[in-house]
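The values are calculated or read from the model by the stated rules, or taken from the named source; none is laboratory data. None of the values given here were measured: they were computed from a predicted structure. Every residue, glycine among them, receives a Cβ derived from its backbone with ideal geometry; neighbour counts consider all protein chains shown. Protein only, heavy atoms only, side chains kept; ligands, DNA and RNA dropped before computing areas. Shrake-Rupley method; radii C 1.70, N 1.55, O 1.52, S 1.80 Å.
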Amino acid sequence: MMGLLGSGLTLTAQIFFVTLVGALPLGVVVALCRMSRFKPLAWLAAFYISVLRGTPLMLQLMALMFVPYYLFGLQLGSDWKFWACDIGFVINYAAYFAEIYRSGIQSIPRGQYEAAEVLGYTRGQTFMRIVLPQVFKRILPSMGNEVITLVKDTSLAFVLGIMEMFTQAKAIAASQVSMTPYLVAAAIYWVCCLIIEFILRRAEKRLDYYHD
């Protein structure tokens, strides 16, 4: 049992880390587009966020999996389910991260931008050296909540037939007619969330020198 759950945990971890690596920077791009003065770009970003946050992640995964075949007749092979899963998670979580970034950026007082301009900072320098460090501290609790949610959302990959940890637990429970695999999987999810919470608390303490 532990061997199968371990292989499932490997896939769960893969989905988790691929999502973070892709969604965190993409969320910044979407947030900046959402705040752009170029209205068509801002509207496009707002539409993207609305659709991705307003429809179930499970449905988005199924659309990415099956739409290429049913609409365009594309035969993408057995590996496509892994690509569809990664893409689906990345674009979904980027929408949530974008709104968190946007709220953090907009919470910075306008006076700080003006002061930086007086001191001769460019807009890029102002954002990277003054705004971004403060934003990161302010949004860390909200980002932490989303990251912990992501740990549990990885179980939705079952809809594409990916044998991540929840799917493995389900298969073992069915073969053994036992709830034990579910309990073990739940304990592993919980421990993973505890580890993330510990890391986030450490990060918050390291950022204590940024005071409002």
* Can you spot a residue in the stretch 65-73 that is within 21 Å of the chain's Cα centre (by Cα), in a helix (DSSP H, G or I) and closer than 19 Å to Phe17 by Cβ? -> no
* Structure fact -> Just one listed residue, out of Ile162, Ile195, is modelled with pLDDT of 85 or more, outside any helix (DSSP H, G or I) and closer than 30 Å to Leu11 by Cα, and it is Ile162
* Structure fact -> Reported set for the stretch 149-190 where residues are buried (at least 17 other Cβ atoms within 10 Å of the Cβ) and under 21 Å from Ala94 (Cβ atoms) is Leu150, Val151, Asp153, Thr154, Ser155, Leu156, Ala157, Val159, Leu160, Ile162, Glu164
* Are any residues in the stretch 56-72 open to solvent by 50 Å² or more (accessible area, probe 1.4 Å) and over 20 Å from Gln14 (Cα atoms), and if so, which ones? -> Pro56, Leu59, Phe66, Val67, Tyr69, Tyr70, Leu71, Phe72
* Structure fact -> The residue that is farthest from Phe136 (Cα to Cα), considering only those in the stretch 7-32 that are open to solvent by 30 Å² or more (accessible area, probe 1.4 Å) and not aliphatic (A, V, I, L, M), is Ser7
* Quick one: which of Ser142, Ser78 is of a type in the set (Gly, Ala, Ser), assigned to a helix (DSSP H, G or I) and open to solvent by 50 Å² or more (accessible area, probe 1.4 Å)? -> Ser142
* Only residues that are more than 22 Å from Val90 (Cβ to Cβ) and either in contact (Cβ under 8 Å) with a residue 12 or more places away in the chain or not in a helix (DSSP H, G or I) (or both): list them for the stretch 29-46, please. => Arg37, Phe38
